[in-house]
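Accompanying notes for the structure given below.
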Amino acid sequence: MIGILVLAHEGIGRGLLETVAHILGERPDALEYLAVDDARESQEKLATRLDEAISRLDRGGGVLVLADIFGASHCNTACERAERRGAQLVSGVNLPMLLRALNHRNLSLDAVVKRAISGGVEGIRQPSKRAKGTAA
């Protein structure tokens, strides 16, 4: 099973995990979030917390790190740490991305990465004006 770490500003990570637990009826195993505050936390301390979280979450299949903002300091640190630890990083985390990753985490890490990205992209829709009130 692939471990999943959401790396995001406090409200985003917590909110995603609470919503997942609400939708699924429980919080899945090997799923955590790390709250970040780029302005107050050193990148060295964040690197240590990332290493610890990746170690906790790796059950033998690897770890997928889902970050909120590409190019932010915490995402840059996570990219470097994930690479060193054999984990993979995807940025732009959203609820469809997280749910897709959770639903397919029995696959290989590479396959889960592809499913997470497709879930994130396919979850962004503009409802049709003709079918007002329904999702496309």
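Each value in this text was obtained by applying a stated rule to the coordinates, not by laboratory testing. Please read all numbers here as calculations on a predicted model, not as lab measurements. As a convention, Cβ positions derive from the backbone with ideal geometry for all residues, glycine included, and neighbour counts pool all protein chains shown.
Laid out as a table, the results:
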| quantity | calculated |
| --- | --- |
| Efficiency of FRET between residue 40 and residue 125 - r from beta-carbon atoms, R0 25 angstrom, step 0.05 | 0.10 |
| Neighbour-count order for 12, 54, 2, fewest beta carbons within 10 angstrom listed first | 12, 54, 2 |
| Among 35, 111, 67: highest mean-square fluctuation, GNM of the chain, C-alpha pairs under 10 Å | 111 |
| Within the chain, longest stretch clear of exposed trypsin sites (Lys or Arg not before Pro) (DSSP loop, no more than 12 other Cβ within 10 Å) | 41-124 |
